[in-house]
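The values are calculated or read from the model by the stated rules, or taken from the named source; none is laboratory data. Keep in mind that what you see is a predicted model, and the values were worked out from it rather than measured. Note: ideal-geometry Cβ built from the backbone for every residue, glycine included; neighbour counts use all protein chains shown. With ligands, DNA and RNA removed, areas are computed over all heavy atoms of the protein, side chains included. Shrake-Rupley method; radii C 1.70, N 1.55, O 1.52, S 1.80 Å.
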Amino acid sequence: MIIYKIFLGVLVIAMNIIRMYYAKRYGTSHVATESEIAPKREKRLTQLMFFALAVQGMMWLFTGWLSFGQFALHESIRIAGFLIGAYSMWWFYRIHKTLGDNWSPVLEIRTEHTLITCGPYKRVRHPMYSDMMLWMVSFTLVTANWFYALTISAGLTILFQHPYPRQEKLMLKRFGEQYRAYMKQTKRLIPYIF
Ligand code: SAH
């Protein structure tokens, strides 16, 4: 049904607008950094993954090639999936806003870096990755397509599993005790649980 395509389209467009806005800001406000800059390989992997996810999104939206993966799902559940997605995009925006100039599309520490432990960063250390887990749920329910669900979940999981141990190492190096204390009182991905 066309409405679910509109749902997915709206979510993906919202995500890209938020991302592009902050990427543009990063481009203009970016000052000297210290420490590790993400190796080229990681940057390429990220780009490749985003590209693959975009291609399959287009396939679901505009062709019937993925129709073999459709499964039956009650309308109310698919609408709930969209609401979860809308909620997650609002968080996506808040996370970027909270990080402010500390946000970067690649792993790095700025010379003027500050440690953020408030807002979305109060309950988990990697809210952006927690947010991506909400996308997985949302996109799965909206598309009701197991092939789409499986590939997007695998893609996003690879995307965020890859860099975060190194990010924590960087933060420890820069913020030392302050970050260690933060790690002690704040979970990684799921508030109060993990
Ligand atoms: N993994 C994070 C965000 C990744 S954005 C999340 O899931 O929310 C990448 C940049 O954000 C990294 O270069 C890192 O330096 C910065 N960053 C991550 N957590 C931070 C924090 N608590 N305070 C300040 N900067 C942080």
Looking at the stretch 85-112, which of its residues are within 6 Å of the ligand (Cβ to nearest atom), touching a Leu at 6+ places or on another chain (Cβ under 9 Å) and either open to solvent by 30 Å² or more (accessible area, probe 1.4 Å) or in contact (Cβ under 8 Å) with a residue 60 or more places away in the chain (or both)?
-> Leu107, Glu108, Ile109
Keeping to the stretch 76-112, report how many residues are of a type in the set (Asp, Glu) and touching a strand residue (DSSP E or B) at 6+ places or on another chain (Cβ under 6 Å).
-> 1
Failed criterion for Leu61 (all others in (1) within 20 Å of Leu134 (Cβ to Cβ); (2) of a type in the set (A, V, I, L, M, F, W, C); (3) open to solvent by 30 Å² or more (accessible area, probe 1.4 Å) hold) = (1)
Close pairs from the stretch 50-70: first without any contact (Cβ under 8 Å) to a residue 12 or more places away in the chain, partner β-branched (Val, Ile, Thr) and surrounded by 11 or more Cβ atoms within 10 Å (Cβ to Cβ), Cβ under 9 Å, at least 6 apart | Ala54/Val12
Those residues that are touching a strand residue (DSSP E or B) at 6+ places or on another chain (Cβ under 9 Å) and either more than 16 Å from Ile95 (Cβ to Cβ) or away from the ligand (no atom under 11 Å from the Cβ) (or both), I need them from the stretch 113-138; list them, please.
-> His113, Arg123
Checking Ile190, Ile158 in turn, the sole residue that is within 13 Å of the ligand (Cβ to nearest atom), loosely packed, with under 14 Cβ neighbours inside 10 Å and among the β-branched types (Val, Ile, Thr) turns out to be Ile190
Enumeration of residues in the stretch 16-56 that are surrounded by 15 or more Cβ atoms within 10 Å (Cβ to Cβ), at pLDDT below 95 and among the aliphatic types (A, V, I, L, M) | Ala38, Leu45, Met49, Leu53
Out of the residues in the stretch 128-155 that are hydroxyl-bearing (Ser, Thr, Tyr) and touching a residue at least 24 places away in the same chain (Cβ under 8 Å), state the one that is most open to solvent (accessible area, probe 1.4 Å).
-> Thr151
